[in-house]
Amino acid sequence: MIWCNTTGPLFHKGWYHLFYQYNQESAVWGNITWGHAVSKDLIHWFHLPYAMVPDQWYDVNGVWTGSATILPDGQIIMLYTGDTTDAVQVQCLAYPANLSDPLLIDWVKSPSNPVLFPPPGIGSKDFRDPTTAWLSPGGDKWRITIGSKVNKTGISMVYETSDFIKYDLLDGYLHQVAGTGMWECIDFYPVSLTDSNGLDTSVNGAGVKHVMKASMDDDRHDYYAIGTYDPIGNKWTPDNPELDVGIGLRYDYGIFYASKTFYDHDKQRRILWGWISESDAEGLDLIKGWACVQSIPRTVVYDQKTGTDLLQWPVEELESLRGDSVEADVKLGPGSIVPVAIDSASQLDVEVSFELDQGAVEAAPEAGAGYDCTTSGGAANRGVLGPFGILVLADDNLTESTPIYFYVAKGPNGKTESHFCADELRSSQAPDVVKTVYGSSVPVVDGEKFTIRSLVDHSIVESFAQGGRRVITSRVYPTKAINGAARVFLFNNATGASVTASLKIWKMGSADIRQFPL
Ligand code: DQQ
């Protein structure tokens, strides 16, 4: 079986609902059905019967990605893409058969389906993944956006509706970016500039900006940009055109795709889920019989310190899985590797902060300008002011390890630029594993230490730098650094500076996942 992207997440009557693209027949993509799981706390999960299967002419080739909208009267509208008998992408409407059922077990596909066909000028295979709807300016209609492309320009089309059955295509595009190709799984939502809570999808006005995210089919990464939404002109404008959708910031610099947020009105937060695929060979997935996982749910807020980023952070419920902990304060001279006194380190929550010796930073010559994690050759390559960080999923002899680290470069103007990277190059001795060095530059605001939080779960490492300003998810497949043999180290591979590390690690319990019936 394969678990692909999150679709239509929502909160209803005390339960979080996760739907996902699912192939029950094989560990490769195909036969896409909506899997369905529910949880009261995002930690204890129950698998329910499939919510929707490909059984109609308009979705027989797959019940693809969709989004939920909760109307003011409590009705739930589920819009999704169906792939028809002729492989045309159409939009379809579904709703729960019984709203009073907290588990929303039965779903009804509307007799009016499909409710939208590709409009003139749009390819029949380039029309998918409707968003959650938001209220039109008059408050009496709803809008959704759907991704597509025209030639190589990625576009976001907007439809307006009052009943979710008949739609008008609005003039122009909400946004477009040349050269970015097909936009999948668009997400469009407001963030508060001043508050730490999330916002429901229809909120707009003073103190609010809008995030546009699109999943780039060409490079399989989720890109976002922050900007301003003008509902009258039906236009969204990025704050910084150089950081536009598809060419600027990513949610995650590792493996993370086709993500989706929803507003959790119970806890007033916006939660993001992403699809983490495998980086070993497809043949191995077929042998093990499954592929892909969902990310730990993350809250998303605007980064008030930089004004240019989002902050993603694991939901607080995750902390209920924390068990025994270890703390350490360590000074790491240049070229040092220090083991942390923890064994069986295959399920961890790691929080660590680093202070770089300020005198050394000032004394350092120009070094590392133009550094790029992805072409750097990884943590083994030493510079004056980095790399320094942690090694997770390491064995005692360091035959396998995955460094999560910072690298500080100093430019000709004396200014430093920080980078946050994850290096899979020595993560596994297994053959047929793609090993990458991931990462990006990361703003480190005056007065901030360098901080990492890493969630380690056997083959998954989700790492958050600077409170979630940058995130990197890795899939690694250690053969030695497993279960009881997995260790953690602190390291400083800089040649010209000491680093003081302050660390706390919790061993983590497992999420509880059970089959229906409850
Ligand atoms: N996968 C879904 C589509 C979506 C794509 C089909 C994302 O709806 O565009 O399984 O990878």
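Within the stretch 87-98, restricting attention to residues that are away from the ligand (no atom under 15 Å from the Cβ) and not in a loop (DSSP other than H, G, I, E, B), which residue is nearest to Ala258 (Cα to Cα)?
So the first thing to find is which residues in the stretch 87-98 are away from the ligand (no atom under 15 Å from the Cβ), and the list is 93, 95-98.
Imposing the further condition that a residue be not in a loop (DSSP other than H, G, I, E, B) reduces the set to 93, 95-96.
Values: Leu93: 20, Tyr95: 23, Pro96: 24 Å.
Per the criteria, the residue is Leu93.
Across the stretch 248-262, which residue is farthest from Gln21 (Cα to Cα) among those that are within 16 Å of the ligand (Cβ to nearest atom) and not hydroxyl-bearing (Ser, Thr, Tyr)?
Applying the first criterion (within 16 Å of the ligand (Cβ to nearest atom)) to the stretch 248-262 yields 250-252, 255-261.
This time we only want the ones that are not hydroxyl-bearing (Ser, Thr, Tyr), so: 250, 252, 255-256, 258, 260.
Values: Arg250: 22, Asp252: 20, Ile255: 17, Phe256: 15, Ala258: 11, Lys260: 12 Å.
Per the stated criteria, the residue is Arg250.
Given the structure, is Ala494 under 23 Å from the mean Cα position of the chain (by Cα) and within 30 Å of Thr308 (Cα to Cα)?
Details: under 23 Å from the mean Cα position of the chain (by Cα): no; within 30 Å of Thr308 (Cα to Cα): yes.
Judged against the criteria, Ala494 is not a match.
Please give the strands (runs of 3 or more DSSP E) falling wholly within the stretch 119-173 in which 1 or more residues are crowded, with 20+ Cβ neighbours inside 10 Å and of a type in the set (Val, Ile, Thr).
On the way: elements: 142-150, 153-161, 167-169.
Filter on the stretch 119-173 gives 142-150, 153-161.
Go over the candidates Ser427, Ser474 one by one and state the one that is assigned to a loop (DSSP other than H, G, I, E, B) and under 26 Å from the mean Cα position of the chain (by Cα). Working first, answer last.
Details: Ser474 fails: assigned to a loop (DSSP other than H, G, I, E, B).
Going through Ser427, Ser474 in turn, just one is assigned to a loop (DSSP other than H, G, I, E, B) and under 26 Å from the mean Cα position of the chain (by Cα): Ser427.
Considering only residues that are closer than 12 Å to Ala258 by Cα and in a strand (DSSP E or B), which ones fall in the stretch 204-223? Even if it seems obvious, please write down each step before you answer.
We begin by selecting, within the stretch 204-223, every residue closer than 12 Å to Ala258 by Cα; these are 213-217, 219-223.
Selection gives Lys213, Ala214, Ser215, Met216, His221, Asp222, Tyr223.
Please verify whether Gly62 is closer than 15 Å to Tyr263 by Cα and small (Gly, Ala, Ser), treating the condition exactly as stated.
Numbers: closer than 15 Å to Tyr263 by Cα: no; small (Gly, Ala, Ser): yes.
No.
Anything in the stretch 395-415 that is surrounded by fewer than 16 Cβ atoms within 10 Å (Cβ to Cβ) and among the polar types (S, T, N, Q)? List them, or say none.
Asn397, Thr399, Asn413 - these are the residues of the stretch 395-415 that are surrounded by fewer than 16 Cβ atoms within 10 Å (Cβ to Cβ) and among the polar types (S, T, N, Q).
Can you find a residue that is on the phi < 0 side of the Ramachandran plot and surrounded by fewer than 16 Cβ atoms within 10 Å (Cβ to Cβ) anywhere in the stretch 75-82? Give the steps one after another, and end with the answer.
Kept after step one, since they are on the phi < 0 side of the Ramachandran plot, are these residues of the stretch 75-82: 75-82.
After this cut, where a residue has to be surrounded by fewer than 16 Cβ atoms within 10 Å (Cβ to Cβ) as well, the list is 75.
Scanning the stretch 75-82 turns up at least one residue that is on the phi < 0 side of the Ramachandran plot and surrounded by fewer than 16 Cβ atoms within 10 Å (Cβ to Cβ).
Output the qualifying pairs, or none if there are none: Cβ atoms under 6 angstrom, residues six or more apart or on different chains, first residue in the stretch 226-251 and on the phi > 0 side of the Ramachandran plot, second residue surrounded by 14 or more Cβ atoms within 10 Å (Cβ to Cβ) and at pLDDT 95 or above.
Asn234/Val158; Asn234/Leu170; Gly246/Gly154; Gly246/Val177; Gly246/Thr180; Gly246/Met216; Gly246/Tyr223
On the given criteria, is Asp101 part of a strand (DSSP E or B) and surrounded by fewer than 14 Cβ atoms within 10 Å (Cβ to Cβ)?
no
If a residue must be under 17 Å from Thr436 (Cα atoms) and not polar (S, T, N, Q), how many such residues does the stretch 471-505 contain?
Final tally of qualifying residues: 6.
The values are calculated or read from the model by the stated rules, or taken from the named source; none is laboratory data. Keep in mind the model is a prediction, meaning the values are calculated, not measured. We place every Cβ from the backbone using ideal geometry, glycine too, and count neighbours over all the protein chains shown.
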